[in-house]
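The values are calculated or read from the model by the stated rules, or taken from the named source; none is laboratory data. What you are looking at is a predicted structure, and each value in this text was computed from that prediction instead of being measured. So basically every Cβ, Gly included, is an ideal-geometry build from the backbone, and we count neighbours across all protein chains shown. Side chains are part of the model used for accessible areas, which takes the heavy atoms of the whole protein and leaves out ligands, DNA and RNA. Shrake-Rupley method; radii C 1.70, N 1.55, O 1.52, S 1.80 Å.
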Amino acid sequence: MTTARGNRPSGRRFGCYNFEFAILPRRGLPRLYPEGALMPETLQLASPAPLTSLTEDEVLFRDNVRQFADDKIRPLAREMDEKAVFDHGLIDQFFQLGLMGIEIPEQHGGAGGKFFEAILAVEECSRADASAGVIVDVQNTLVANAILRWANEDQKKRYLPKMAADTLGAYALSEAGSGSDAFALQTKAELKGSDYVLNGRKLWITNGKEAGLFILFATIDASKGYKGITAFLIEKNFPGFTVGKKEDKLGIRASSTCELILEDCRVPRENVLGEAGKGYKIAIETLNEGRIGIGAQMLGVARGAWECAAKYAQERKQFGKPISEFQGIQFQIAQMATEIEAARLMVYNAARMKDAGVDFVKEAAMTKLFTSQVAERVTSLAIEVYGGYGFTRDYPVEKYWRDSKIGKIYEGTSNMQLATIAKLVMSK
Ligand SMILES: Cc1cc2nc3c(=O)[nH]c(=O)nc-3n(C[C@H](O)[C@H](O)[C@H](O)COP(=O)(O)OP(=O)(O)OC[C@H]3O[C@@H](n4cnc5c(N)ncnc54)[C@H](O)[C@@H]3O)c2cc1C
């Protein structure tokens, strides 16, 4: 069990986080701390604060997740990638530490934290391993988020305590024929007595292998187009539900991506999430939030690769001196650091906007678009800093590069983000 290593008073367990320090910001003006190695050493400002400022409690939370990621996730990352299997013991530890129910209220067994903390957790886990990052991300920013926002009290009582304790969630929208055009989905749900009977197949579902609870979208009336789409809460042992083939992928290999098969799958009527026919709204609005999570994942991936490259440049000698002494390498490291800083500003700002309850749709789309570009560029440059060694699996940077690629694809491709941004900036 990882515990706090900060210099905070220990022995206090706050909410469901199992780090020994208080997590939630206190009332009043928080003391502000700098974030990350690229920021100045000391900083104490009144509002409005720099975008990268964190409260004392956020710094402690971030540092503890970082320590956990370095100690427990990083050592397993290469083997999990090669075997394309995520370590179950690690998932158990995510639950024990309270990382799987960050925004779930304490009354339901969660940590009662903010969206911003979920974003910090995704970033820090992804810095060690992007597969770990996406597991924490889907659980918090998609599944728990959707339940918190759209479930009725009975559903919250039934599912939130499980999600905080031991049940992994998955979010099943895509199908073989409907990706970007998600609302062209074909999975059908027919009301028969007190159950809906679902038939169809879902594709690409993250956490599919390990999840116990699925938010799954199907249509109750295809003739109504998107207005027939309905969200269902499906438990993995519901009759007629099976998990199919797991994809063999380029990156985030340890994160399972699976087909789901529904053959006369019976789902009690009371497991409709939100209103029947309003699933499209749940899908759109949840994914808007999820995109900030993918931004955090990409930020973590870029940081992880940058840190490796900066360190390696000081160790590797050519022409009788460390390659970090060549201006060409210094400029690459500086360029990467600058792009990471810009990505961080976007991720943190979008997350703060979400927590502040202001409209963040444009910023979330821009964040996902930009951070995935940064992650791909930074991880690619990191390989070049390593030279030939970076091209081998003996060093970590090729994995960061492979892991970066998914940022431009899932939760809406880059083109779909551009379409959203264009619509919003051109409608004014
Ligand atoms: C590893 C992984 C995990 C995933 N996890 C999940 C998950 O947990 N749940 C889930 O529901 N889905 C998941 N997905 C699915 C993912 O969201 C889709 O792959 C994505 O939305 C793109 O859909 P597609 O693959 O069908 O590509 P397509 O929609 O076929 O797109 C192909 C290309 O055409 C472009 N394109 C399409 N339409 C337009 C347009 N109108 N204008 C311009 N360009 C366009 C796209 O940008 C892309 O470049 C996952 C996918 C992967 C690879």
Those helices (runs of 4 or more DSSP H) completely within region 128-177 that have 1 or more residues that are farther than 20 Å from ASP403 by Cβ are 145-150, 153-165
Filter region 398-428 for residues that are more than 10 Å from the ligand (Cβ to nearest atom) and not in a helix (DSSP H, G or I); the one that is farthest from ALA172 (Cα to Cα) is LYS428
Those residues of region 272-288 which are surrounded by 17 or more Cβ atoms within 10 Å (Cβ to Cβ) and farther than 12 Å from PHE217 by Cα amount to THR286, LEU287, ASN288
From the option list TYR348, TYR395, single residue qualifying as touching a Phe, Trp or Tyr at 6+ places or on another chain (Cβ under 8 Å), at pLDDT 95 or above and open to solvent by less than 60 Å² (accessible area, probe 1.4 Å) is TYR348
- Message: Please determine whether any residue of region 299-310 is within 16 Å of the ligand (Cβ to nearest atom) and open to solvent by less than 40 Å² (accessible area, probe 1.4 Å).
- Response: yes
Note: among VAL243, VAL267, just one is hydrophobic (A, V, I, L, M, F, W, C), within 17 Å of LEU198 (Cα to Cα) and more than 15 Å from the ligand (Cβ to nearest atom), namely VAL267
Considering region 406-420, residues that are surrounded by fewer than 17 Cβ atoms within 10 Å (Cβ to Cβ) and not small (Gly, Ala, Ser), and then whichever is farthest from ASP81 (Cα to Cα), we arrive at LEU418
Among THR392, THR371, THR338, the single one that is touching a residue at least 12 places away in the same chain (Cβ under 8 Å) and among the β-branched types (Val, Ile, Thr) is THR371
Per the filter on region 204-234, residues aliphatic (A, V, I, L, M), more than 19 Å from the chain's Cα centre (by Cα) and within 13 Å of the ligand (Cβ to nearest atom) are ALA218, ILE229, ALA231
Of the conditions (1) within 12 Å of the ligand (Cβ to nearest atom); (2) of a type in the set (Asp, Glu); (3) in contact (Cβ under 8 Å) with a residue 40 or more places away in the chain, the single one that ASP166 does not satisfy is (1)
By residue number, the members of region 379-388 that are of a type outside the set (Asp, Glu) and in contact (Cβ under 8 Å) with a residue 12 or more places away in the chain are THR379, SER380, LEU381, ALA382, ILE383, VAL385, TYR386, GLY387
